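**Student:** Supplied in structure tokens, the structure appears directly below.
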Amino acid sequence: MIKHILTALLLATGINVLNANANVNPDANPDANDSVITNIVGSINAVSGIVDSLTQDSIRTERAESKEEAEKIEGAEKIEEAESKEKAESIEKANADFAARQQRLSYLRQVYDKAVYVQNISSKISLGIQGMGKDVTLDGKLQMRKGQVIRLTIVPFGLMEVARLEFTPTYVLLIDRIHKEYVKASYNEVEFLKTEGLTFYTLQSLFWNELFQPGKARLAEGDLSLYTTDDLSNGGKKINFQHENMSFSWITDSRAFIKATDISYAAGTKLASNVKVSYDNFTPVGVKSFPKQERITFNTKAFSTGTMSLNINMGNISTDGSWEATTSVSGSYRQISAEDFFSRLSSF
């Protein structure tokens with residue numbers, strides 16, 4: 001457009017020059033006329049030079065503007081491309097996170113579904129006790145009823161019951177039938193149970209080989225999302241759960257059976273203590289499987305030696321429920337304080 005305007009200016013200038021010399025006499029000296037023509041041509045050439053110069057400047061400006069516009073467009077395209085890539089990566093990550101979460105929940109459901117359905121488990125046992133100056137193996141019996149009781153009785157040589165340890169939802173009962181004494185205390189009155197956060201339902205899950213969370217009688221489907229998992233080289237996983245200053249972990253095998261449980265309290269401090277349970281020799285119970293061997297190890301300052309272990313080896317497992325879930329203590333027995341709990345336990 002600028003070039004067209006300048007060209008019009010050039011023509012106008014030439015016309016003005018011609019008009020200015022219109023009074024030249026055609027019959028005059030030819031040299032005079034040539035001079036006029038020369039002046040006209042010179043003016044035209046001068047204006048043409050200006051036009052060409054301005055045209056080149058205009059072209060350069062237009063090119064610069066076009067380049068700048070192109071760079072802007074290119075920059076906008078790069079930004080859009082980066083944003084699209086970032087969005088795609090974000091979507092990809094979200095999809096990967098969702099898939100990983102679903103896979104984790106699927107595995108946790110497998111572990112959760114391994115729990116036996118039966119409400120009663122009882123069996124004769126071989127009970128090994130190590131710690132507190134003891135290393136003995138005694139005959140006994142294990143009786144458990146879901147939500148009601150965990151009972152260990154000691155019956156040397158299968159002849160006569162000499163001791164009974166019973167966990168219920170509200171209290172712990174220890175009976176010494178030899179000395180006719182007993183301890184009946186709440187979980188808060190038994191120091192190592194209180195320290196480890198071992199309520200009845202936690203102990204029940206440990207004995208029944210189940211996942212659990214402190215303070216809950218049973219897990220709901222939504223509770224599974226609170227666990228994390230780590231892959232293990234054996235094809236199993238380590239399941240983790242954190243609650244305040246307590247850490248919980250479960251080791252599973254490639255079949256999603258819980259092989260070990262660890263509860264740690266105040267790890268890395270002077271108050272540190274833990275409970276470890278290992279499981280083995282799984283056998284069919286109903287349509288599920290249950291471990292016939294359980295080793296429970298307590299590491300706590302509540303014991304004089306710092307460590308105490310119970311090795312439970314079960315015989316044939318019965319699911320029959322024709323036995324009383326509560327124990328009545330004879331009026332001839334003397335109640336002793338909760339502080340004597342461990343000394344009485346070590347004396348059996």
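**Student:** Checking ALA88 against (1) open to solvent by less than 30 Å² (accessible area, probe 1.4 Å); (2) free of Cβ contacts under 8 Å to residues at least 60 places away in the same chain; (3) hydrophobic (A, V, I, L, M, F, W, C), only one condition comes out false. Which one?
**Tutor:** Result: ALA88 fails condition (1) only.
**Student:** Please work out which one of (1) hydroxyl-bearing (Ser, Thr, Tyr); (2) open to solvent by 30 Å² or more (accessible area, probe 1.4 Å); (3) not in a strand (DSSP E or B) is the condition SER205 fails and give its number.
**Tutor:** Unmet for SER205, out of (1) hydroxyl-bearing (Ser, Thr, Tyr); (2) open to solvent by 30 Å² or more (accessible area, probe 1.4 Å); (3) not in a strand (DSSP E or B): (2).
**Student:** Another one. Condition first: touching a helix residue (DSSP H, G or I) at 6+ places or on another chain (Cβ under 9 Å), under 30 Å from ARG151 (Cα atoms) and at pLDDT 80 or above. Can you find one or more residues in segment 85-108 that meet it? First the steps, then the outcome.
**Tutor:** Within segment 85-108, the first condition is being touching a helix residue (DSSP H, G or I) at 6+ places or on another chain (Cβ under 9 Å), and the residues that meet it are 101, 104-105, 108.
After this cut, where a residue has to be under 30 Å from ARG151 (Cα atoms) as well, the list is 108.
From the residues that got through so far, the ones that are at pLDDT 80 or above too are 108.
Yes, segment 85-108 has at least one match.
Residues are listed down the side, and each one gets a yes or a no for (1) in a strand (DSSP E or B); (2) in contact with a Cys (Cβ under 9 Å, 6 or more places away or on another chain); (3) open to solvent by 10 Å² or more (accessible area, probe 1.4 Å); (4) farther than 27 Å from MET314 by Cα:
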position	(1), (2), (3), (4)
LEU219	no, no, yes, no
ILE263	yes, no, no, no
PHE282	yes, no, yes, no
PHE290	yes, no, no, no
GLU294	yes, no, no, no
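Each row is one residue, and each column tells you yes or no for (1) among the hydroxyl-bearing types (Ser, Thr, Tyr); (2) open to solvent by 10 Å² or more (accessible area, probe 1.4 Å).
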{"position": "SER122", "(1), (2)": "yes, yes"}
{"position": "SER126", "(1), (2)": "yes, yes"}
{"position": "GLY131", "(1), (2)": "no, yes"}
{"position": "THR137", "(1), (2)": "yes, yes"}
{"position": "GLY147", "(1), (2)": "no, yes"}
{"position": "LEU152", "(1), (2)": "no, yes"}
{"position": "VAL155", "(1), (2)": "no, yes"}
{"position": "GLY158", "(1), (2)": "no, yes"}
{"position": "ALA163", "(1), (2)": "no, no"}
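**Student:** Please work out if ASP253 is of a type in the set (Asp, Glu), over 25 Å from GLU166 (Cα atoms) and open to solvent by less than 40 Å² (accessible area, probe 1.4 Å). Even if it seems obvious, please write down each step before you answer.
**Tutor:** Values: of a type in the set (Asp, Glu): yes; over 25 Å from GLU166 (Cα atoms): yes; open to solvent by less than 40 Å² (accessible area, probe 1.4 Å): yes.
Taking the combined requirement at face value, the residue satisfies it.
The values are calculated or read from the model by the stated rules, or taken from the named source; none is laboratory data. As the structure is a computational prediction, the values presented were derived from the model and not from experiment. In this analysis, Cβ positions are derived from the backbone assuming ideal geometry, glycine residues included, and neighbour counts consider all displayed protein chains. Ligands, DNA and RNA are excluded from the accessible area calculation, which covers all protein heavy atoms including side chains. Shrake-Rupley method; radii C 1.70, N 1.55, O 1.52, S 1.80 Å.
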